[in-house]
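Beneath this line is the structure, given in C-alpha coordinates, with notes to follow.
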Amino acid sequence: MDNLELIRLAYEAQAKAYVPYSHFQVGAALLAKNGQVFLGCNIENAAYTPTNCAERTAFFKAVSEGVMEFDRIAIVGNMEGKKGDYCGPCGVCRQVMREFCDPKTFEVILARSAEDYMLYRLEELLPVSFGPGNLNAGQAATGSESADEKRIQ
Ligand code: THU
(Lines give C-alpha, C1' and ligand atoms only; values in the text may rest on other atoms or scores of the structure.)
Protein backbone atom coordinates (compact mmCIF):
# COMPACT_ATOMS: atom_id res chain seq x y z
CA MET A 1 0.00 0.00 0.00
CA ASP A 2 1.59 3.28 -1.06
CA ASN A 3 1.07 6.70 0.51
CA LEU A 4 -1.29 7.94 -2.21
CA GLU A 5 -3.58 4.95 -1.76
CA LEU A 6 -3.63 5.51 2.01
CA ILE A 7 -4.53 9.17 1.43
CA ARG A 8 -7.35 8.11 -0.88
CA LEU A 9 -8.70 5.90 1.91
CA ALA A 10 -8.41 8.78 4.41
CA TYR A 11 -10.67 10.85 2.14
CA GLU A 12 -13.08 7.93 2.00
CA ALA A 13 -13.15 7.87 5.80
CA GLN A 14 -13.61 11.65 5.94
CA ALA A 15 -16.91 11.36 4.08
CA LYS A 16 -18.36 9.63 7.18
CA ALA A 17 -17.38 12.42 9.61
CA TYR A 18 -20.19 13.31 12.04
CA VAL A 19 -19.59 17.02 12.56
CA PRO A 20 -22.84 18.95 13.16
CA TYR A 21 -21.07 21.42 15.50
CA SER A 22 -17.66 22.30 14.05
CA HIS A 23 -18.39 21.33 10.42
CA PHE A 24 -14.70 20.36 10.27
CA GLN A 25 -14.40 16.94 8.66
CA VAL A 26 -11.42 14.74 9.44
CA GLY A 27 -10.54 11.35 7.99
CA ALA A 28 -7.77 8.94 8.89
CA ALA A 29 -6.49 5.71 7.36
CA LEU A 30 -4.24 3.67 9.64
CA LEU A 31 -2.05 0.99 8.06
CA ALA A 32 -1.21 -1.91 10.36
CA LYS A 33 1.99 -3.93 9.95
CA ASN A 34 -0.14 -6.92 8.91
CA GLY A 35 -1.45 -4.94 5.91
CA GLN A 36 -4.90 -4.22 7.31
CA VAL A 37 -6.19 -0.65 7.03
CA PHE A 38 -8.46 0.87 9.69
CA LEU A 39 -10.47 3.94 8.75
CA GLY A 40 -11.63 6.60 11.18
CA CYS A 41 -13.60 9.84 11.14
CA ASN A 42 -14.29 12.42 13.81
CA ILE A 43 -17.49 11.90 15.75
CA GLU A 44 -18.85 14.92 17.58
CA ASN A 45 -21.31 15.18 20.43
CA ALA A 46 -23.85 17.75 21.64
CA ALA A 47 -22.00 17.79 24.97
CA TYR A 48 -18.80 18.63 23.01
CA THR A 49 -16.20 16.90 25.23
CA PRO A 50 -17.16 13.32 24.24
CA THR A 51 -16.07 14.16 20.68
CA ASN A 52 -13.62 11.63 19.26
CA CYS A 53 -11.00 12.58 16.68
CA ALA A 54 -10.62 10.65 13.44
CA GLU A 55 -7.17 9.36 14.38
CA ARG A 56 -8.33 7.91 17.68
CA THR A 57 -11.37 6.37 16.02
CA ALA A 58 -9.00 4.51 13.68
CA PHE A 59 -6.64 3.43 16.48
CA PHE A 60 -9.43 2.29 18.77
CA LYS A 61 -11.08 0.32 16.00
CA ALA A 62 -7.80 -1.49 15.35
CA VAL A 63 -6.87 -2.16 18.97
CA SER A 64 -10.38 -3.35 19.76
CA GLU A 65 -9.95 -5.88 16.94
CA GLY A 66 -6.69 -7.12 18.44
CA VAL A 67 -4.34 -5.27 16.06
CA MET A 68 -1.61 -3.30 17.82
CA GLU A 69 1.30 -2.93 15.40
CA PHE A 70 1.23 -0.04 13.00
CA ASP A 71 3.23 1.30 10.12
CA ARG A 72 1.69 4.61 8.99
CA ILE A 73 -1.37 6.83 9.21
CA ALA A 74 -2.76 9.27 6.63
CA ILE A 75 -4.83 12.22 7.87
CA VAL A 76 -6.98 14.72 5.96
CA GLY A 77 -9.11 17.54 7.34
CA ASN A 78 -11.08 20.54 6.08
CA MET A 79 -14.20 22.57 6.69
CA GLU A 80 -17.21 21.14 4.87
CA GLY A 81 -17.09 22.15 1.23
CA LYS A 82 -13.76 23.98 1.57
CA LYS A 83 -10.28 23.09 0.41
CA GLY A 84 -8.16 21.86 3.29
CA ASP A 85 -4.65 22.52 4.49
CA TYR A 86 -2.35 20.04 6.25
CA CYS A 87 -4.22 18.86 9.36
CA GLY A 88 -1.85 17.88 12.14
CA PRO A 89 -3.13 15.46 14.77
CA CYS A 90 -4.11 16.97 18.12
CA GLY A 91 -1.94 16.37 21.17
CA VAL A 92 -4.21 13.70 22.59
CA CYS A 93 -4.08 11.72 19.34
CA ARG A 94 -0.28 12.01 19.23
CA GLN A 95 -0.15 10.50 22.70
CA VAL A 96 -2.46 7.66 21.66
CA MET A 97 -0.15 6.98 18.68
CA ARG A 98 2.79 6.94 21.10
CA GLU A 99 1.16 4.17 23.11
CA PHE A 100 1.20 1.74 20.20
CA CYS A 101 3.86 2.97 17.78
CA ASP A 102 7.63 3.29 17.71
CA PRO A 103 8.21 7.07 17.53
CA LYS A 104 11.33 6.55 15.42
CA THR A 105 9.62 4.58 12.66
CA PHE A 106 5.89 5.31 12.71
CA GLU A 107 5.01 7.74 9.90
CA VAL A 108 2.28 10.38 9.87
CA ILE A 109 1.10 11.57 6.47
CA LEU A 110 -0.67 14.93 6.41
CA ALA A 111 -2.41 15.47 3.08
CA ARG A 112 -4.19 18.55 1.74
CA SER A 113 -5.11 16.99 -1.59
CA ALA A 114 -4.96 13.57 -3.21
CA GLU A 115 -1.28 14.07 -4.04
CA ASP A 116 0.03 16.92 -1.91
CA TYR A 117 1.27 15.67 1.44
CA MET A 118 3.92 16.06 4.13
CA LEU A 119 5.48 13.14 5.95
CA TYR A 120 6.61 13.12 9.58
CA ARG A 121 7.93 10.53 11.96
CA LEU A 122 5.99 10.43 15.22
CA GLU A 123 9.17 11.40 17.08
CA GLU A 124 9.13 14.74 15.24
CA LEU A 125 5.53 15.44 16.23
CA LEU A 126 5.94 14.33 19.85
CA PRO A 127 9.54 14.85 21.00
CA VAL A 128 10.73 13.78 24.45
CA SER A 129 7.58 11.73 24.80
CA PHE A 130 6.21 9.66 27.66
CA GLY A 131 5.30 6.09 26.78
CA PRO A 132 4.79 2.57 28.08
CA GLY A 133 8.53 2.11 28.65
CA ASN A 134 8.52 4.88 31.23
CA LEU A 135 6.33 2.70 33.44
CA ASN A 136 8.44 -0.41 32.73
CA ALA A 137 5.26 -1.97 31.44
CA GLY A 138 7.17 -4.81 29.80
CA GLN A 139 8.35 -2.70 26.90
CA ALA A 140 11.69 -0.99 26.41
CA ALA A 141 11.57 2.77 26.36
CA THR A 142 11.77 4.07 22.81
CA GLY A 143 12.97 7.51 21.95
CA SER A 144 14.79 7.95 25.25
CA GLU A 145 18.23 7.56 23.68
CA SER A 146 17.78 10.63 21.52
CA ALA A 147 16.45 12.55 24.51
CA ASP A 148 19.66 11.68 26.39
CA GLU A 149 21.77 12.88 23.50
CA LYS A 150 19.96 16.20 23.42
CA ARG A 151 20.01 16.84 27.17
CA ILE A 152 21.59 20.18 28.01
CA GLN A 153 24.54 19.67 30.37
N1 THU B 1 -10.24 16.74 14.99
C2 THU B 1 -9.83 15.51 14.57
O3 THU B 1 -10.66 14.64 14.27
N4 THU B 1 -8.50 15.25 14.54
C5 THU B 1 -7.54 16.15 14.88
O6 THU B 1 -6.39 15.76 14.99
C7 THU B 1 -7.89 17.54 15.08
C8 THU B 1 -9.32 17.79 15.41
C9 THU B 1 -11.67 17.04 15.01
C10 THU B 1 -12.26 17.19 16.38
C11 THU B 1 -13.48 18.02 16.09
O12 THU B 1 -14.53 17.15 15.70
C13 THU B 1 -13.08 18.86 14.90
O14 THU B 1 -11.94 18.25 14.35
C15 THU B 1 -12.79 20.31 15.24
O16 THU B 1 -11.86 20.38 16.26
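The values are calculated or read from the model by the stated rules, or taken from the named source; none is laboratory data. Treat the numbers as computed from the prediction; the structure is a model and nothing was measured. For neighbour counting, all protein chains shown are included, and Cβ atoms are generated from backbone atoms with ideal geometry for every residue, glycine included. In case anyone asks, the SASA skips ligands and DNA or RNA and just uses the protein heavy atoms, side chains included. Shrake-Rupley method; radii C 1.70, N 1.55, O 1.52, S 1.80 Å.
Checking every one of the trypsin sites (Lys or Arg not before Pro) in region 1-37 against DSSP loop status and a limit of 14 other Cβ atoms within 10 Å picks out Lys33. Solvent exposure of the chain, expressed per residue, is 55 Å² of accessible area, with all protein chains present and a 1.4 angstrom probe.
Here the convex hull built on the C-alpha positions of region 1-65 has a volume of 74 cubic angstrom per residue. With distances taken between every two different alpha-carbon atoms, the chain has a Kirkwood hydrodynamic radius of 15.9 Å. For region 58-144, the calculated P(r), taken from all Cα-Cα distances in 10 Å bins from zero up to the bin holding the longest distance, is 16, 45, 29, 8, 1 percent.
Only bridges whose two residues both fall in region 1-129 count here: according to DSSP, what percent of them are antiparallel, nearest 5? Each step should come with its number before you reach the end.
Values: 20 of 25 bridges.
Counting only bridges with both partners in region 1-129, antiparallel ones make up about 80 percent.
In whole percent, how big is the carbon plus sulfur part of the accessible area of the chain, probe 1.4 Å, protein atoms only?
With neighbouring chains kept in place, the figure for the chain is 54 percent.
Across region 18-147, the mean sequence separation of Cα contacts (distance under 8 Å, 6 or more residues apart), normalised by length, yields a relative contact order of 19 percent.
Largest GNM mean-square fluctuation among Glu55, Glu80, Glu12, using the chain with Cα springs under 10 Å: Glu80. Close Lys pairs in the chain, defined as Cα atoms under 30 Å apart and 8 or more places apart or on different chains, number 10.
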